[in-house]
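Notes to accompany the following structure.
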Amino acid sequence: MQHYEGKMFKFLVFDSSKGLLAVDILNILEVINNPVLSPIPKNYNFVEGLINFRGSVVTVIDLLEKLYNVQTIFEEKFCVLIVKSENKNERMMLGLKINSVKDVITLSSDKIKQQPEYGKNYNPDYYEGVINYKEQQILIFNTEVIF
């Protein structure tokens, strides 16, 4: 959470079907509405498929399946957030399949709080902090540690 000190930050708030999450807007390359996903046979349950993004093949994952081992129930229309990520110190692009984008908000660093401990099955590396959005607490998802 150290990089959230002393500045203003923008976050994209999105619906993950089990609630809202936020992502630092600097980690988002694009939001794609209803892309066609090409399936990948015999893969991890959380891998939804592949898409072509500006000439690059990008893997799309179900974020909740990856984080909580719970398959997301997607609405008929969905979005894919193309984010910057890192896998074994290798920079990459990854698609996060979500239900919808809710908002883009700007907050000062004093509005970003450290997330509490949740127990032994909780991986705090997945989150960068907590923000207050319309009277609810939302976790900031860390795109750098998806894998």
Residue match in segment 59-81 (condition: buried (at least 18 other Cβ atoms within 10 Å of the Cβ), out of contact with any Pro (no Cβ under 9 Å at 6 or more places or on another chain), part of a loop (DSSP other than H, G, I, E, B) and at pLDDT below 85): yes
For segment 32-46, how many residues meet the condition of being among the β-branched types (Val, Ile, Thr) and surrounded by 16 or more Cβ atoms within 10 Å (Cβ to Cβ)? 1
Would you check if there is a residue in segment 110-125 being assigned to a helix (DSSP H, G or I) and at pLDDT below 85? yes
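The values are calculated or read from the model by the stated rules, or taken from the named source; none is laboratory data. The structure displayed is predicted, hence computed values, not measured ones. FYI the Cβ positions are ideal-geometry reconstructions off the backbone, even for glycines, and counts take in every protein chain you see.
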